[in-house]
Amino acid sequence: MTPPRFDPELAPVIEALRALRPSLSRLDEIPGRRELNAADNWTLDRLAAAYPAYRVSEERAGEVPLLVLRPAESVGVLYYVHGGGLIASSHLGQDARNALAWSGEPNLTVVSPGYRLAPEHRYPAALEDCHAGLEWTAEHCPGPLVLGGASAGGGLAAALALLVRDRGG
């Protein structure tokens, strides 16, 4: 596909942006994008050190890893699905840290599922993983529950809301 034409004055900016995020137009470019995104992942220890108001753990809903950040006193839960185009990123990436910032005061438990990625795992694998994580969350984290996500995670969160409704949840 031919990229759109830009004002020539923007060429240096466009090239700088392309250098930050290499092309992702072919299947063989997915591993490079995953590697780039993985460099942004934090360990549980690093998250705990950066957010001392939270108890940080990784739980499991069957095979689905869940990043769980619990404040001393929680008034509810933000179930946050990470982005990454359904092909990259992780529950330990920047999105989890964004969810903490968006949750406001440190009084919400934040749970983020590490769903299976495409193309190795076809749809609805990611959605079913998010559902399994949501069921675990509803059982283990008391209080009102809010679904959220950015980019692909927002789409999964919306699909998850419909799935839960359709399954009588």
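What follows is calculated from the coordinates using simple rules that are stated; it is not laboratory data. No experiment lies behind these values; they were computed from the predicted model shown. Heads up, the Cβs are rebuilt from the backbone with ideal geometry, glycines too, and the neighbour counts pull from every protein chain shown.
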Checking Ala96 against (1) under 8 Å from the mean Cα position of the chain (by Cα); (2) within 13 Å of Leu156 (Cβ to Cβ), which test does it fail? (2)
Applying the selection to the stretch 128-153, what residues are closer than 25 Å to Glu73 by Cβ and in a loop (DSSP other than H, G, I, E, B)? Cys141, Pro142, Gly143, Pro144
